[in-house]
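What follows draws every value from the coordinates through simple rules; no lab data is involved. All figures in this text were calculated on a predicted structure; none of them were measured in a lab. FYI the Cβ positions are ideal-geometry reconstructions off the backbone, even for glycines, and counts take in every protein chain you see.
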Amino acid sequence: MSRDVELLYLAQADEHVRHAKEGIARQQRWVDLHARDDPDELLRGQRLLQAMRETLGELLVHRDGIVQRLGSP
């Protein structure tokens, strides 16, 4: 695969990571503001946050793989 294509994949991976982090921050704010007084909502919010963090971890692994394939310029 060409270096230009890998760089495009890296840019896309960076964008996905950024969006995932923003989504986690939004969900955390929602949990902090709305779910505190409702144990069921708090549990659902925490489960969603955990799933989102796991997805972020997978995105970071994917991104790291691209970086490794690119190696040093």
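Positive contributions from Lys and Arg (+1) and negative ones from Asp and Glu (-1), summed over other residues with Cβ under 15 Å from the Cβ of ALA25, come out at +3. One decimal place: the segment GLU15-VAL67 gains 17.3 nm when fully extended, by the rule 0.36 nm per residue minus the C-alpha distance. A Cβ-based charge dipole, computed about the Cα centre of the chain with Lys and Arg at +1 and Asp and Glu at -1, lands at about 140 debye. Across the stretch 4-18, coupling constants 3J(HN,Hα) worked out from phi with the 6.51/-1.76/1.60 Karplus curve, θ = phi - 60°, read 4, 5, 4, 5, 5, 4, 5, 4, 5, 5, 4, 5, 5, 5, 4 Hz, and Gly and Pro carry x. The length gained by stretching the chain between ALA51 and GLU22 to full extension, at 0.36 nm per residue less their Cα-Cα distance, is 9.0 nm. Projected label points at TRP30 and ARG44, each 7 Å from Cα along the beta carbon direction, are separated by 1.0 nanometres. Helix 39-70 and the longest principal axis of the C-alpha atoms of the chain enclose an angle of approximately 10°. A value for Rg and Dmax of the Cα atoms in Å was derived from the coordinates, and within the list [x] 11.8, 35; [y] 14.0, 44; [z] 16.4, 53 it appears as [z].
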